[in-house]
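Just so it is clear, none of the values below were taken in a lab; they were calculated from the coordinates. Fair warning: this is a prediction, and the values are worked out from it, not measured in the lab. Virtual Cβ from ideal backbone geometry, glycine too; neighbours counted across all protein chains shown.
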Amino acid sequence: MPDTARSKRSLPAVLLGFLLSVGLASGQTVLAQDDPAASEGSESQTGVPYAFPMSGPFDAAGVEIENSQEIADWFRSAHADAAAEAFRHWDEEEEITAVCATCHSGEGFRDYHGLDGSEAGVVNGPISTGGVVDCGTCHDAGLNDVTEVVFPSGLRHPVQGVEASCMTCHQGRTSGTQVSEAVAGHALDTPNPDLRFINPHYATAAATWLGGYAGSGYHYEGRTYAGRFFHAPPVASCNSCHDPHTLEVAFEPCQTCHLADSPQAIRIARQSYDGSGDTTKGIRSDIEANAATLLDMVKAYATEVVGAPIIYDGSRYPYFFADANGDGAIDQTADGPTAYAAWTPRSLRAAYNWKLVTADPGNYAHNPVYMLQLLYDSIVDLGEPLGVDVEAMGLRR
Ligand code: HEC
Ligand code: HEC
Ligand code: HEC
Ligand code: HEC
Ligand code: HEC
């Protein structure tokens, strides 16, 4: 991630800025700005709290603040990045749509789980913009009563404590079930304008991690799929690898079990999955190579079998666009780029699996086996009408 302005601000400024804006001032006298009584020096718990002592002189660095390390770590993380698209997307509407708010605001998250006293399992109405993944998202006592998290496939996965938080927001928005339902009853290789690309959403780590057990990918008939990646204790939960505040993964603990010089270079598998025969590189390389092969085949299938070329552009929704004359440029109309509308069941399910795998930058550590299975099966399936011999390519499942 590129160095951002927020990581350059000094710690006291960070802390005080945070306390003033979010209002976490434990251990300090809390004065209310809006409360007329405040100017007379009496205490109040309402309004915008200040972390400053009752009397001066004082300087910011001298003010002792509880949990300052956690706050500073969190403040530099993506969860606190109020400028990110993930939190600014609704600025124009000035409110976050209820179905989106669960994961795009701490307030929405608390509403969804009923931690604010509302009905659990639903966000009751739009949530105001301006929120991030705040402290109270993970540190609400009520989270202990959340014993299961529902995944897009309908799976009710048992959780304990703060695990509920990561599992709720990093589960993606779709499952293989939605893909199966969309393509059911349609001829496999006939383009169908009713089919739209199904996007698994972003940072879908929990969906990857639970794998076939959560039904995250599209599962081909007659194939079995790896479930949750149990890995090895103690690396058995999100927070055993990710610092919950910086969100970073420390590499040192990995080295008790793995001989490698980076997470990306870790490999246990003794076979090559991507046809390169190279088993010295990290398993991540095999996943990346097969993902690239799959995307190439989605494109080849669109051109050669369907006769409607496709272009992928990861920066624009819905990512797959039409290129009717095959000149390599996305077709444009007055309304903007033309979304791809010649999906067949075969291309849709393969493109879905490709997007699911690549939507998780940590896929190789979260569930390498499941990733490789989804890619392989999708490649084999597209290979049929294309007449590609996957065995000859040296690919393995
Ligand atoms: C299950 C949780 C969840 C739900 C529900 C959800 N999102 Fe997200 N969304 C995420 C997560 C997690 C990310 C962060 C991905 C990243 O940037 O690392 C994200 C990222 C985004 C981004 C930023 C993508 C980018 O390019 O940076 C947009 C835009 C977005 N979501 C829109 C929506 C909309 C619109 C809805 C409702 C229709 C929605 N999301 C519902 C979890 C969710
Ligand atoms: C995404 C979830 C998440 C968010 C957001 C979050 N925390 Fe935490 N926090 C955790 C988890 C998980 C632990 C437990 C870590 C452990 O047991 O190793 C923790 C531990 C702590 C601890 C105890 C540290 C220790 O070593 O026992 C403090 C204090 C704390 N958090 C404060 C905060 C504050 C203040 C904020 C907001 C600035 C915050 N946290 C935001 C998940 C979160
Ligand atoms: C309320 C929803 C929510 C919860 C709860 C949540 N996250 Fe996130 N997470 C997000 C969003 C949204 C982003 C993207 C933010 C952005 O783009 O700045 C994100 C980003 C991340 C990232 C990417 C960091 C980066 O540098 O891009 C990691 C890693 C992560 N979360 C891990 C966790 C873990 C571990 C937990 C549980 C302790 C957790 N998250 C809980 C919503 C959530
Ligand atoms: C075995 C250790 C491990 C476990 C367990 C784990 N992760 Fe990861 N995670 C990683 C690694 C390694 C990366 C890749 C980091 C990199 O390449 O910089 C990663 C990447 C991520 C990312 C993408 C960060 C980015 O840069 O966009 C998110 C989000 C994430 N993990 C969330 C989670 C969640 C949520 C869980 C629990 C369901 C989890 N992780 C469990 C090791 C782990
Ligand atoms: C306690 C020992 C242990 C620790 C610590 C550990 N791992 Fe592992 N790791 C394993 C074992 C055992 C496997 C094989 C698991 C399996 O295939 O079911 C594995 C498999 C993997 C794989 C898949 C390799 C392949 O070729 O399929 C990756 C990637 C990985 N670990 C990453 C990490 C990262 C990143 C960390 C640190 C955040 C980590 N591991 C920490 C024991 C560990």
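General observations
- Gain on full extension, evaluated as 0.36 nm per residue between H139 and H231 minus their Cα-Cα distance, stands at 30.4 nm.
- Computed log₁₀ I(q)/I(0) - Debye formula, equal Cα scatterers, no solvent, the stretch 76-194, q 0.10, 0.11, 0.12, 0.22 Å⁻¹: -0.37, -0.44, -0.51, -1.22
- Helix-only mean residue ellipticity at 222 nm for the chain, each DSSP H run of n ≥ 4 adding -39500 (n - 2.57), per residue, nearest 500: -8500 deg cm²/dmol
- Amide hydrogen proximity for S128: with H placed 1.01 Å from N in the peptide plane, the residues at 5 or more positions away or on another chain lying under 5 Å are I96.
- Across the chain, Cα pairs under 8 Å and at least six residues apart give a relative contact order of 13 percent.
- All alpha carbon pair distances within the stretch 85-146 were sorted into 5 Å bins beginning at 0; the resulting P(r) in whole percents reads 4, 22, 31, 23, 12, 5, 1, 0.
- Taking the C-alpha atoms only, the angle from helix 283-300 to the longest principal axis of the chain is near 60 degrees.
- Taking Cβ separations below 4.7 Å as the criterion for a possible disulfide partner, the isolated cysteines in the chain are C100, C135, C138, C241, C254, C257.
- Protection-proxy order for peptides 176-186, 161-171, each taking the mean of Cβ atoms within 10 Å per residue, highest first: 161-171, 176-186
- Computed from the Cα positions only, the extents of the chain along the three principal axes stand at 82, 55, 39 Å, in decreasing order.
- The residues F229, F109, when put in order of fewest to most other Cβ atoms within 10 Å, stand as F229, F109.
- Fewest-first sequence of D377, D91 by Cβ atoms within 10 Å of each Cβ: D91, D377
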